[in-house]
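Below is one structure, written out as structure tokens, with a few remarks after it.
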Amino acid sequence: MTTLDKLFISMLSAGFLLSLQEATANDDVKIDDIFSKQDKSEIVNVIEHPADQVAETVIQRALEGHVKKPNSTIVDDPRKPHKENYSVSFTFKEAPNSRKRPEYDDDKNNDFSGQPCGIGFVTLVSDDGCTISITDDKGKKQEWLKESGKGHDISKGRRDYPHILMPGTHTFDIEYSQTYYNPAPGKKDLDGITLFVTPVVVDISVRKQNAPTENSRVLLIKGECIEMALNKDMLGQKSKFKDIITWEICRLRASKTLNFETQWVEVGNGTTCTYQCNTPGIYRVRSKINGKIFTYTRREDAYGGKKSPFLCRGDPDCVGVVNSQHEKNLINSAIADLMKKTYAKLTPWYDFDKLEDVFRNASPPLDTATKQLYTEAALLKKEVKNYGHNAFGMNNFYNQSKCNIFVFYHCHSCGIDIPTFTINLVQSRAPIVAEWISPNTTIKGWKWFKASTVLPEPGWLCFDDAHCAIIDYDGAGISGGVSDNNKILYLIFPNYFRKHE
């Protein structure tokens, strides 16, 4: 076994070729971080659990008369109702680690708040009439109810009033009017007024249906389902509040004007939603709560902390839907090379059997990391030759773009053929960008599209006039760059696509 063979085995054991897993930040938020109340009148009952079934059970017991408040009096004459005034404030806000709101033109001024943030589900439980107004922290006053002096006989059924509070401070001014009536046998008089408040963290979470994790590179094959929820704790739960929460998805297109979104389509209602993805494409997801928009956003920068437009923490995240397992394998293969330097323009590709001479004669001597890089690049060169590309220059590909080699290698490694072009009668090479982008160049098995005429799908190849890449789940192209393998180019980048058929 040669020294180089031993070096390569050590690289494998160190996990050098393992797939890169995108990190998911610990975005767990305590209710105390996003919710506070000011209540001196003892009319508030806070349900500090996000699960809807808990809130539903408590509120139902209140409606049945099992929860009473000492804010009532005995009324003997129905012509003289007892009235009391209350004032109570609730504050819901963005969490200390809140991600920014989307800022690009297609989202600007649409999203209501950064995430994670708090909202409140408020339910009034009272057997008597109330007049209630709500004033927000901008001084805007909204009338909720105007029923003071009207009694609601519990023997005829209860009415409660669901209301949602968005981030901000909201002050309730309440006039509670207690009238007299005789409840029917077996029924109970609630006596008093209670506002039940369920604080909820909004941090839109998406996963493949029944997947063990959420919010980490959601990539599906057509026909599979995604689950969406207001937060990860609600995934898999029964959907509630369907009359005031809707879910929408939107397929993305390439756009030089940053207008990536096509038409938004409603796909479900309530705190959770399941949707079957039957059409391949790149999608954004959002929830509308009382008409306010909360977009599914990135928890981390797309890779390695690098800053790139549309790929940073707080930017809209995506759901990718591929046509078949082949495209999914191709994307995962490309992701495994993300952040490495193997296909970088500045990385030389020496012949594997010449590496020992290169290492021996290098001046100054090469460090271990550089030797590992050159070894992996040489092994890739060997594999690329096996796939049919053997036209390498005398300078060992140093300072030459390798994006077309990146695409060529990963397609072949996943069983997707890219035919070579014969040059000088004996040598063959992978198609270059100029050939990929020309509609007049036939590349067997690959259909050509102009980017402005079609909606792209993950697993396609994308091109501008000088570069090529593999489209990831979120529309960014993965390929070899100047100094590393990256995905810093988004849907503003392509002029052309190729789809394998």
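Below is a table of values for the structure above.
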{"item": "Neighbours by Cβ (under 7 Å, 6+ apart or cross-chain): first from segment 339-359, more than 15 Å from F392 (Cβ to Cβ) and among the aromatic types (F, W, Y); second assigned to a helix (DSSP H, G or I) and open to solvent by 30 Å² or more (accessible area, probe 1.4 Å)", "result": "F359/K371"}
{"item": "Filter result (β-branched (V, I, T) and either closer than 29 Å to I492 by Cα or open to solvent by less than 20 Å² (accessible area, probe 1.4 Å) (or both)) within segment 247-278", "result": "I249, T257, T262, V265, V267, T271, T272"}
{"item": "Strands (runs of 3 or more DSSP E) contained entirely in segment 204-265, each with at least 1 residues that are within 17 Å of T295 (Cα to Cα) and free of Cβ contacts under 8 Å to residues at least 12 places away in the same chain", "result": "none"}
{"item": "Cross-chain or 6+ apart pairs with Cβ under 7 Å, segment 159-175 first and open to solvent by 20 Å² or more (accessible area, probe 1.4 Å) and modelled with pLDDT under 95, then among the hydroxyl-bearing types (S, T, Y) and not in a strand (DSSP E or B)", "result": "P167/S113; E175/S148"}
{"item": "Any hit, segment 387-404, residues being in contact (Cβ under 8 Å) with a residue 40 or more places away in the chain, in contact with a Gly (Cβ under 7 Å, 6 or more places away or on another chain) and either of a type in the set (D, E, K, R) or closer than 22 Å to K328 by Cβ (or both)", "result": "yes"}
{"item": "The one condition in (1) within 17 Å of the chain's Cα centre (by Cα); (2) farther than 15 Å from C318 by Cβ that R284 fails to fulfil", "result": "(2)"}
{"item": "In segment 440-476, residue farthest from T257 (Cα to Cα) [restricted to those that are open to solvent by less than 30 Å² (accessible area, probe 1.4 Å), in contact with a Pro (Cβ under 7 Å, 6 or more places away or on another chain) and assigned to a strand (DSSP E or B)]", "result": "I443"}
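The values are calculated or read from the model by the stated rules, or taken from the named source; none is laboratory data. Since the structure is predicted, the reported quantities are computational estimates derived from the model, not experimental observations. Neighbour counts run over all protein chains shown; Cβ positions are idealised from the backbone, glycine included. Ligands, DNA and RNA are excluded from the accessible area calculation, which covers all protein heavy atoms including side chains. Shrake-Rupley method; radii C 1.70, N 1.55, O 1.52, S 1.80 Å.
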